[in-house]
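What follows is a set of notes on a single structure, which appears directly below.
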Amino acid sequence: MTTLGTNRIKRCILYGQLIILLFAFTSIYPQIHGLFGERGLLPVSPMLECEEESVFQCRLPLLRFICNLFHFSPSVGLQLFSLTGVCLAALAIHKPECQNLVTFLTLYFLYRTIYEAGGVFMYYQWDAFLLESTVYVAVLAWFDDGPADSVALFSIVALLVRVIFMNGASKLLSKCPAWWNLTALDYHFESQPLPTPFSWYAHHFPPFFKQLATIAIYYFEIILPPLFLIPVIHVRYVVFFCQILLMILTMLTGNNGFFNYNVIILLVSLLETPRVPVGAPLLSALVFGKLGYDLAHRMPVKLVTTEGSLPSFVLNLSYDTFQKLAIYYIDMIIILTALMFSIINAYTVLKGLGSQARVSKIVHVAFVAACVLLLNIYGSVPLLRMDEKLAQRTNENPMIMSYYKIANSWSVANPYGTYRHMTGQHGRPEIVIEGAPNFDGPWKEIEFKAKPGSISRRPDFVSPHHPRLDAQMYYAAEGTYQQNPFFLSLVYHLMQNTTEVVSLIENYPFKNRSEPMQFVRAKLYMYHFTDIGDKNWWRRDFQEEYMPPFNKGNQALMKFLVENKIINNKKSQFVNGPLGKGMKQWHRLTGGADLIAFFTSIIVLLVIRYLHNRLHGNIEENNGHNHAHHHGHNH
C-alpha cells in the first residue's frame, strides 16, 4: 500500500496547525474589546492588579510586561498579541524555514495569554485542545528534520487516542439517560449551542437512523481509538477514514469552533508511522477479523422490531459493565502507548547513531524523547482519572495533584468530553433581550450574530470562527441572570450603547442616540425546530421572565457591576500611550475589518505565490524535457 513519507506528513501537520492558529487569532481579534476590553463585558484589567515585586509572580506576566513596555491598555495589548499571532503564523506559512520550535512556542504563549485573560469566553474545549496540540506540534517542528520526527508523530497519535476516547467514554460515564437510551441525537441537533442549516435536516431523520448514528459514535470514539496505536498501515487507514467521516459529519451539523478542523489536521499523523517490518497483512487480518466478530456477535446492542414501524435499538449494557470495559481500555491505551514509545524511541536512537550528523541528531532525539515522555505522563492523568477509584487515589495524593494542576494550568493535561450531558429534551432555552425608550414601549428585540433569535432566521455556518458572546448566551439560558455576571454587564452596556459591546450584536435597534435605550428586559423562550413544510426554521414558546425590566440608572445593577469589578471607577495603571490610542482608534474606525482584510490579502498572496511557483516549475520541467529530447535526437 502506498504511504506518505514522514517528511510529507510532518509538513502537512505543521502547515495545518499554522492555518488553525491563523483562524484562531483572526477569530478572537475583533471580539477582544467587546468581550474583555476596558469597556467590555468582563474587563481583564482587574486580573492585572498585583502588588508583588516581580512581574512573574502576578497573573498574565507577559501581558503586564508588554503593556508596561509600550504603554498599552490591556485590551490593546491583547489585540497586539492577536495581530502578532496572525503575522507570525502567516510568515511561517509563507516561509517554511520559519516553521520551528521557537515559532510554535511563541504562538502558544500568545494564545495562552489571550486564553487566560478571556475567562468564561475562552474556556472551550477547542481552545484548550489548540494549546495542547500546539505544544505537541512544536516538539515535532524542532529546527530540522530527523529520525526523532517518528517519536514526535507518535506522541500526536497518542494525544488523539486520549482525546477521542475521553470524548466517547465520558458520554456513557456521565450516566446521562439520553446517551444510554440512544436518544441523544433526538435532541442534540436542535439543542447544541450553535446549530447549522444541516442540523435542521439531521433533526428530522427517523429515530432509527439517529440511534444507528449514536451507536456509530460509540464505536468510532470508544472502540477504534486504541487501534491508532497498532503499527499496521492497513488498520491505520481504516481508522483514519472513519474518524475523518465522523469529523466531517460533525462539522456539517454543528458549529464547534476549530476543534474538528484541528483534529483532522492531526489525524494525518496516522498515515505513516510506525509500521511493522513483516507480517503486516496477517496482523491486519487478525485485527479486522476481531473487529468483525465483535461487531457481529459481541456488540451490546439489541434490535427491537415493531410491526408497522422502523426497528429501534436498545443498549444492552449496564453502567458497571461499561465502567469495567472503560478501565480495561484505559489500561490497554496506557500499556500500548508505553510499549510503542519504547520501541520507536529505541529504533530512532539506533537510526540517529548511524547518521552522519550524529551529535545534532542525538540532541534532537534526546529532546523529543524527554518532551514526549513528560507530555504523555501528564496527559495520561486525566485519562486515568476517568476511573473513579484512581481519581479518588490521586485526589488523596498531594504531590500528584500539585504536578497535575500545574500541567493542567499550562493546558498540556486537559480532560476532554463534549456534550456528555444532554439538556435539550424539552427544546433549547433561549434568552431574548428586549429594549425600549420608555417603560410602556415599544419593546424591540435585539438580534445576535449567530444564536437563534428570529424564528424565520436560518442557522448559519460560522466555524472555524467562534462568536463567543452568542455561545455564552446559550449557557446563560440554563441558569439565572444572577449567576452570569457577563449578562448583567451586557444589558448595562446595551443601555449605554457602548460601541465595543454593540459591535458584537447583529442588530441593535437603538443606534440613533435621539431615541436611546432606557429600559431593558429579558424573556426565556423554548425553541424547537419547525416541522417539515413550515416556512420558518424555528418555533418558540414563552416560558418565563428571565430578567425583570431594568432602567438605565438602576442602582442595584450599578452596585453589582462595581462590586464585581466590571465597572472600575479607579484609574488603571495601564493606559494607552500614543501608539495604543492609534491602534484602538484604527480598530474602532474599521470595526475589526482591518484584520479580516489583512487575512484575506495574505490568502490571496499565498494562492498567487503557489500558482506562480507551480507555473514556473512546469515551464522549467517542459524546458528540461525538450532539451533532453533535442539532445537525444542529435545523438
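The values are calculated or read from the model by the stated rules, or taken from the named source; none is laboratory data. Only a predicted model underlies this, so the values are computations on that prediction, with no experimental measurement involved. Virtual Cβ from ideal backbone geometry, glycine too; neighbours counted across all protein chains shown.
Would you call M422 surrounded by 17 or more Cβ atoms within 10 Å (Cβ to Cβ), touching a His at 6+ places or on another chain (Cβ under 8 Å), of a type outside the set (F, W, Y) and part of a loop (DSSP other than H, G, I, E, B)? Spell out the reasoning first.
On the way: surrounded by 17 or more Cβ atoms within 10 Å (Cβ to Cβ): yes; touching a His at 6+ places or on another chain (Cβ under 8 Å): yes; of a type outside the set (F, W, Y): yes; part of a loop (DSSP other than H, G, I, E, B): yes.
It is true that M422 is surrounded by 17 or more Cβ atoms within 10 Å (Cβ to Cβ), touching a His at 6+ places or on another chain (Cβ under 8 Å), of a type outside the set (F, W, Y) and part of a loop (DSSP other than H, G, I, E, B).
Any chance you could count how many residues in the range 296-349 are part of a strand (DSSP E or B), in contact with a helix residue (DSSP H, G or I) (Cβ under 7 Å, 6 or more places away or on another chain) and among the aliphatic types (A, V, I, L, M)? Of the residues in the range 296-349, 2 are part of a strand (DSSP E or B), in contact with a helix residue (DSSP H, G or I) (Cβ under 7 Å, 6 or more places away or on another chain) and among the aliphatic types (A, V, I, L, M).
Quick grid of which residues meet (1) in the same structural domain as D470 (by TED's automatic domain parsing); (2) under 30 Å from N7 (Cα atoms); (3) in contact with an Asp or Glu (Cβ under 6 Å, 6 or more places away or on another chain):
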site: I20; (1), (2), (3): no, yes, no
site: R59; (1), (2), (3): no, no, no
site: F104; (1), (2), (3): no, yes, no
site: Y115; (1), (2), (3): no, no, yes
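For Q243, the conditions (1) crowded, with 17+ Cβ neighbours inside 10 Å; (2) more than 14 Å from F228 (Cα to Cα) all hold with the exception of (2).
When V102 is tested against (1) at pLDDT 95 or above; (2) touching a helix residue (DSSP H, G or I) at 6+ places or on another chain (Cβ under 8 Å), exactly one condition is not met: (2).
Looking at the range 288-303, is at least one residue in the same structural domain as F220 (by TED's automatic domain parsing) and in contact with a Pro (Cβ under 8 Å, 6 or more places away or on another chain)? Walk me through it before giving the result.
We begin by selecting, within the range 288-303, every residue in the same structural domain as F220 (by TED's automatic domain parsing); these are 288-303.
From what's left, in contact with a Pro (Cβ under 8 Å, 6 or more places away or on another chain): 303.
Checking the range 288-303: at least one residue is in the same structural domain as F220 (by TED's automatic domain parsing) and in contact with a Pro (Cβ under 8 Å, 6 or more places away or on another chain).
Going by what's in this entry, would L101 be described as out of contact with any Lys or Arg (no Cβ under 8 Å at 6 or more places or on another chain) and within 21 Å of N414 (Cα to Cα)? Break it down stepwise before answering.
Values: out of contact with any Lys or Arg (no Cβ under 8 Å at 6 or more places or on another chain): yes; within 21 Å of N414 (Cα to Cα): no.
Answer is no for this residue.
Considering only residues of the range 434-446 that are buried (at least 17 other Cβ atoms within 10 Å of the Cβ) and within 32 Å of the chain's Cα centre (by Cα), which is farthest from F36 (Cα to Cα)? Checking each candidate, the answer is E434. Checked against the criterion of being aromatic (F, W, Y) and not in a helix (DSSP H, G or I), the candidates F56, F65, F72, F81 yield just one match: F72. So how many residues does the range 455-499 have that are part of a loop (DSSP other than H, G, I, E, B) and of a type in the set (D, E)? The total comes to 2.
Taking N414 as the residue in question, decide whether it is closer than 22 Å to N255 by Cβ, of a type in the set (S, T, N, Q) and under 27 Å from the mean Cα position of the chain (by Cα). Before you say what the answer is, go through the steps one by one.
Details: closer than 22 Å to N255 by Cβ: yes; of a type in the set (S, T, N, Q): yes; under 27 Å from the mean Cα position of the chain (by Cα): yes.
It is true that N414 is closer than 22 Å to N255 by Cβ, of a type in the set (S, T, N, Q) and under 27 Å from the mean Cα position of the chain (by Cα).
Could you check, for the range 569-582, whether at least one of its residues is over 30 Å from the mean Cα position of the chain (by Cα), small (G, A, S), within 15 Å of L488 (Cα to Cα) and outside any loop (DSSP other than H, G, I, E, B)? No, there is no match, as no residue in the range 569-582 is over 30 Å from the mean Cα position of the chain (by Cα), small (G, A, S), within 15 Å of L488 (Cα to Cα) and outside any loop (DSSP other than H, G, I, E, B). Under the condition of being among the charged types (D, E, K, R), surrounded by 11 or more Cβ atoms within 10 Å (Cβ to Cβ) and free of Cβ contacts under 8 Å to residues at least 40 places away in the same chain, the residues counted in the range 534-591 number 4.
If you check G168, G119, which single one turns out to be closer than 30 Å to N484 by Cα and at pLDDT 95 or above? Break it down into steps so the answer makes sense when it comes.
On the way: G119 fails: at pLDDT 95 or above.
So the residue among G168, G119 that is closer than 30 Å to N484 by Cα and at pLDDT 95 or above is G168.
Of the residues screened, Y123 is one that is of a type in the set (F, W, Y) and either assigned to a loop (DSSP other than H, G, I, E, B) or in contact (Cβ under 8 Å) with a residue 60 or more places away in the chain (or both). Name the single residue, out of those in the range 350-403 being within 26 Å of the chain's Cα centre (by Cα) and not in a helix (DSSP H, G or I), that is modelled with the lowest pLDDT. Within the range 350-403, the match that is modelled with the lowest pLDDT is D387. Summed over the range 399-447, the residues that are at positive phi and touching a helix residue (DSSP H, G or I) at 6+ places or on another chain (Cβ under 9 Å) give a count of 4. In the range 147-158, which residues are closer than 19 Å to R358 by Cα, crowded, with 24+ Cβ neighbours inside 10 Å and touching a Gly at 6+ places or on another chain (Cβ under 8 Å)? A148, the sole residue that qualifies.
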